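*Asks:* Take a look at this one; I'll ask things after.
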Amino acid sequence: MPIRDSALQVSLGELIEMRNKVREIPLFSTPARRSLLIGLHHSRLRGRGVDFDQVRVYQPGDDVRTIDWRVTARTQEPHTKLFHEERERPIFIIAEQSQRLFFGSERCFKSVLAARAAALVGWAALEHNDRIGGLIFGDSEYHEVKPRRSRQSLLQLLSLLARANQALAPDAPPCPSRDTFGLALRRAREVLRPGSLAVVLCDGRALSDNTEQQLSLLARHTDLLLLPLVDPLDQALPAAGLLRFTQNGSELELDSHDGELRQRYRTLAEERSQRWQRLAQKLGVPLLPLNTRFELVAQLQEQLGAPRTRSMP
């Protein structure tokens, strides 16, 4: 599918409109529904709360109001209900808007997909009455919004996100070589208190030894949700002859008819994917890769196992 001009950049209005898609993706729990990511929103304690957890044998000191009379009658032994204790928490979106994301071969650029996903998470958090904030980082700078439980805070974050997205351009001057992703993660470690949820949206090629270490350190006191961004051309080269690539003033030519070259390219892509999977497994956190080939809501529904609903592209 060729990329439309409207998929090259996002506007603040589009990010605001993402609120209409929140109910299609149960990212966080509510009293009326159980989210498939509900584990990210529970304390490790069990107590009184809105979300049922389990039934166990009544113990002295348990609240008699939580006795499950049906189970008690069936077993002839007092049983009590236990509930997850849900706690308000800050949700902090770490979203990349760098030149390396200003690329895409299918529905949209990776920078656009990152912005839309960040907005979707932000609106879902606000609907769940959580505090929402974040950090938008590019090639040379970052912008930060302190988590607050307010629509104004989210709109401030979305405004920064749209501005950073619209600043990306194919003829942008070369940027200094800095590990801005690693610096953003280090900053998140400084500002987030234990129990926060950090939602990370970054290029799928951004995982390095340093960033992996920073993510591991961040996971020690916060929950993580990893959303690396990929494009079909990140995963395989088409046999299209001589290809020219330009980045930061440098040019590279590749003969894509070379089968051995295409195989090495696919191998590198598979190794990147496997590295993300190993990291997520080691940290015990959800990994939801996002691909520019698919519509955002549809691929999240598929990955989360949520019921599919019709959504505008």
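*Asks:* Each residue of region 197-202 in order: what ³J(HN,Hα) in whole Hz does its phi give by Karplus 6.51 cos²θ - 1.76 cosθ + 1.60, θ = phi - 60°, with x for Gly and Pro?
*Replies:* Running phi through 6.51 cos²θ - 1.76 cosθ + 1.60 with θ = phi - 60° gives 10, 9, 9, 9, 10, 8 Hz.
*Asks:* Taking the mean number of other Cβ atoms within 10 Å as a proxy for protection, how do you rank 159-169, 12-22, 126-136, 268-278 from highest to lowest?
*Replies:* Values: 159-169: 19.0, 12-22: 17.1, 126-136: 21.0, 268-278: 14.1.
The most tightly packed comes first, giving 126-136, 159-169, 12-22, 268-278.
*Asks:* Give the accessible surface of region 156-215 per residue, rounded to a whole number of Å², with probe radius 1.4 Å and ligands, DNA and RNA excluded. Write out the running numbers ahead of the final one.
*Replies:* Details: 2740 Å² over 60 residues.
Accessible area per residue, region 156-215: 46 Å².
*Asks:* List every residue whose amide H lies under 5 Å from the amide H of K81, counting only residues 5 or more places away in sequence or on a different chain, with H placed 1.01 Å from N in the peptide plane.
*Replies:* Correct list: I67, D68.
*Asks:* Taking the alpha-carbon distance from K21 and a cut-off under 13 Å, which aspartates and glutamates remain once sequence neighbours fewer than 8 residues away in the same chain are dropped?
*Replies:* Correct list for K21: E127, E295.
*Asks:* Could you tell me what percent of the accessible area of region 155-279 is made up of carbon and sulfur, with a 1.4 Å probe and every protein chain present? Don't skip to the end; give the middle numbers.
*Replies:* Numbers: 3170 of 6610 Å².
Of all accessible area on region 155-279, carbon and sulfur atoms account for 48 percent.
The values are calculated or read from the model by the stated rules, or taken from the named source; none is laboratory data. For clarity, every value in this text was computed on a predicted model and none was experimentally measured. Methodologically, a virtual Cβ is constructed for each residue, glycine included, from the backbone with ideal geometry; neighbour enumeration extends over all protein chains shown. Surface areas here come from the heavy atoms of the whole protein model, side chains and all, with no ligands, DNA or RNA. Shrake-Rupley method; radii C 1.70, N 1.55, O 1.52, S 1.80 Å.
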